[in-house]
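Below is one structure, written out as structure tokens; the observations come after it.
We did not get these values from a lab; they are worked out from the coordinates using the rules stated. Quick caveat, the model's predicted, so the values are computed rather than measured. Here the Cβ positions follow ideal geometry from the backbone for every residue, glycine too, while neighbour counts run over all protein chains shown.
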Amino acid sequence: MYWYRIEKSLGRNSLVGTTIKNPEDLPEHLIADEKHTRILGDKVYIATTVGNGCVLGTSVATDAGEDSLATAYGVFRDEAQCIKPDYAPKTVNTDGWIATQNAWKTIFPYVVLIACFLHVYIKIRDRSKKKFKDIYEQVVSKLWDCYHAENKASFSQRVRRLYEWGKKTSIPSFMMGKIEKLRNIASFSIAYDFSGSHRTSNMLDCIMQRMDRHLFSTQYFHGSLSSAELSIRGWALISNFAPSNPITIKKHNGSQSPAERLNQFRYHDNWLQNLLISASLGGYRSPPHNAL
């Protein structure tokens with residue numbers, strides 16, 4: 001319980017304000033998704049926002065509806081606009097859940113929605129890797145060939161050729177459905193119009209793997225909604241400031257954590273001291289609207 005209370009106390013700080021020191025470092029391109037978990041056995045959803053390798057938003061939604069998700073993702077918007085009042089991201093990468101996309105359009109009306117290419121591959125893989133092994137290898141090879149196209153015209157052409165090949169080869173209908181979605185939905189190809197945007201949710205998926213292990217280790221949430229919110233926010237700050245593995249640190253020339261790599265500096269060599277100094281005034285530039 002001692003460590004649990006310590007973690008929760010960190011969750012009172014602003015995730016965005018604590019992690020990002022310079023307003024100009026707020027990311028233009030984001031990734032968002034929900035992590036399914038439980039509070040006392042009841043299903044809830046952690047609306048997670050990631051940018052520049054850091055967790056910038058984690059808020060617990062009681063359901064996966066548009067209104068609930070808009071409220072949960074709106075916590076990130078409020079904290080970001082606390083340090084930069086006119087902040088609005090250019091793009092956000094999401095999966096195909098309509099409520100998620102509508103929620104982002106509600107909180108940022110002009111954000112461009114980019115569909116995650118990786119989810120198309122995963123849905124094909126999960127249903128066909130064993131059952132349709134031979135044709136699966138061919139489809140996946142051609143699918144990733146589409147992904148590596150250098151521009152929007154080339155991408156559209158490769159997807160069109162894949163679709164035509166699939167018709168001639170008579171591949172399973174569910175595969176054709178995913179390929180047709182690539183062909184007809186512009187949110188897959190629009191990423192080419194925005195340099196630096198995310199075409200897959202890989203950055204968020206890596207973070208969610210760690211979140212999943214954390215939730216499993218704690219046996220999920222056992223208290224109230226507010227305590228769950230504080231707990232996962234505390235975990236998010238620790239994830240941003242705790243040292244990466246030695247290989248990653250060496251790769252980034254000694255930068256120890258995601259927050260340090262984003263800000264290009266650290267206040268203190270001890271990661272916890274760095275976090276606590278960064279959380280001065282709770283990470284807020286002005287008083288929060290609703291203090292947790």
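Quick one: among Asp145, Asp67, Asp134, which has the greatest mean-square fluctuation in a GNM of the chain with alpha-carbon springs under 10 angstrom?
Of Asp145, Asp67, Asp134, the most mobile in the Gaussian network model is Asp134.
By the gyration tensor of its Cα atoms, with a ≥ b ≥ c the square roots of the eigenvalues, what is the shape of the stretch 194-248: rounded for a/c under 1.5, prolate for a/b over b/c, or oblate?
Details: a/c = 2.21, a/b = 1.63, b/c = 1.35.
Prolate.
How far, in degrees from 0 to 90, does helix 173-184 lean away from the longest principal axis of the Cα atoms of the chain, to the nearest 10?
Around 70 degrees separate the two axes.
How high is the relative contact order of the chain? Use alpha-carbon pairs under 8 Å, at least six apart in sequence, and give a whole percent.
Taking the mean separation of contacting Cα pairs over the length of the chain, I get 29 percent.
Pull up the DSSP beta bridges for the chain and report the antiparallel fraction as a percent, rounded to 5. Write down the numbers at each step before the final one.
Values: 16 of 24 bridges.
Roughly 65 percent of the beta bridges in the chain run antiparallel, per DSSP.
Could you tell me how far the Cα centroid of the stretch 104-138 sits from the Cα centroid of the stretch 1-71, in Å?
23 Å
Of His268, His29, His214, how do they rank once you tally other Cβ atoms within 10 Å and put the fewest first?
Lowest count first: His268, His214, His29.
With each pseudo-label sitting 7 Å past Cα toward Cβ, what's the Tyr220-Lys21 distance in nm, one decimal?
4.0 nm
Let me know the charge dipole size of the stretch 44-117 about its Cα centre in debye, to the nearest 20, where only the beta-carbon of Lys, Arg (+1) and Asp, Glu (-1) is charged.
Details: 4 positive and 7 negative charges, 51 e Å.
Here the stretch 44-117 has a charge dipole of around 240 debye.
Want the number for Asp42 to Arg161: 0.36 nm per residue separation, take away the alpha-carbon distance, what's left?
Here the segment from Asp42 to Arg161 would lengthen by 38.3 nm.
Using 0.36 nm per residue of separation minus the Cα-Cα distance, give me the extension gain between Leu276 and Ser195 in nm, one decimal.
Numbers: separation 81, 0.36 × 81 = 29.16 nm, distance 3.43 nm.
Gain in length upon complete extension: 25.7 nm.
Just to confirm the number: angle between the C-alpha axis of helix 202-217 and the first principal axis of the chain, 0 to 90 degrees, nearest 10?
60 degrees
If the only charges are +1 at each Lys and Arg Cβ and -1 at each Asp and Glu Cβ, what is the size of the charge dipole of the chain around the Cα centre, to the nearest 20 debye? Each step should come with its number before you reach the end.
Values: 37 positive and 27 negative charges, 208 e Å.
That gives a dipole near 1000 debye.
Using 0.36 nm per residue of separation minus the Cα-Cα distance, give me the extension gain between Thr106 and Gln138 in nm, one decimal. Each step should come with its number before you reach the end.
Details: separation 32, 0.36 × 32 = 11.52 nm, distance 3.99 nm.
Residue separation times 0.36 nm, minus the Cα-Cα distance, leaves 7.5 nm.
What is the angle, in °, between the Cα long axis of helix 98-107 and the longest principal axis of the Cα atoms in the chain? Nearest 10 is fine, range 0 to 90.
Helix 98-107 sits roughly 50 degrees off the main axis of the chain.
How would Ser187, Ser257 line up from fewest to most surrounding beta-carbon atoms within 10 angstrom? Intermediate results must be reported in sequence, preceding the final value.
Numbers: Ser187 17, Ser257 25.
The most exposed by this proxy come first: Ser187, Ser257.
Which option, (i) -0.39, -0.50, -0.81; (ii) -0.29, -0.38, -0.71; (iii) -0.21, -0.28, -0.56, is the value of log10 I(q)/I(0) by the Debye sum over Cα atoms at q = 0.07, 0.08, 0.11 Å⁻¹ that was calculated from these coordinates?
Computing log10 I(q)/I(0) by the Debye sum over Cα atoms at q = 0.07, 0.08, 0.11 Å⁻¹ and matching it to (i) -0.39, -0.50, -0.81; (ii) -0.29, -0.38, -0.71; (iii) -0.21, -0.28, -0.56 gives (ii).
If only Cα atoms are counted, what is the Rg of the stretch 117-193, and what is its Dmax, in Å?
Using the Cα atoms of the stretch 117-193, the pair Rg, Dmax is 11.8, 37 Å.
Would you be so kind as to identify which of Pro27, Trp144, Ala103 lies farthest towards the positive end of the dipole of the chain, taking Lys and Arg as +1 and Asp and Glu as -1 on Cβ and the Cα centre as origin?
Result: Trp144.
With only Lys, Arg, Asp and Glu charged, each at its Cβ (+1 for the first two, -1 for the last two), find how big the charge dipole of the stretch 117-193 is about the Cα centre; round to the nearest 20 debye. Walk me through the numbers before you get to the answer.
Details: 17 positive and 8 negative charges, 70 e Å.
My answer is approximately 340 debye.
Between Asp67 and Asp205, with labels modelled 7 Å along Cα→Cβ, what's the label distance in nm to one decimal, could you check?
3.4 nm
Quick one: grab the alpha carbon gyration tensor of the stretch 78-219, order the square roots of its eigenvalues as a ≥ b ≥ c, and give me rounded if a/c is under 1.5, else prolate or oblate depending on whether a/b is larger than b/c.
Values: a/c = 2.50, a/b = 1.46, b/c = 1.72.
Here the stretch 78-219 falls in the oblate category.
So if R0 is 45 Å, what FRET efficiency would Ile6 and Lys129 give, r being the distance between their Cβ atoms, rounded to the nearest 0.05? Intermediate results must be reported in sequence, preceding the final value.
Numbers: r = 43 Å, r/R0 = 0.95.
Approximately 0.55, to the nearest 0.05.
For a quick check: sort Phe174, Phe76, Phe117 by the number of other beta carbons within 10 angstrom, fewest at the front. Provide the component values of the computation, followed by the final result.
Numbers: Phe174 13, Phe76 26, Phe117 23.
Starting with the residue having the fewest Cβ neighbours, the order is Phe174, Phe117, Phe76.
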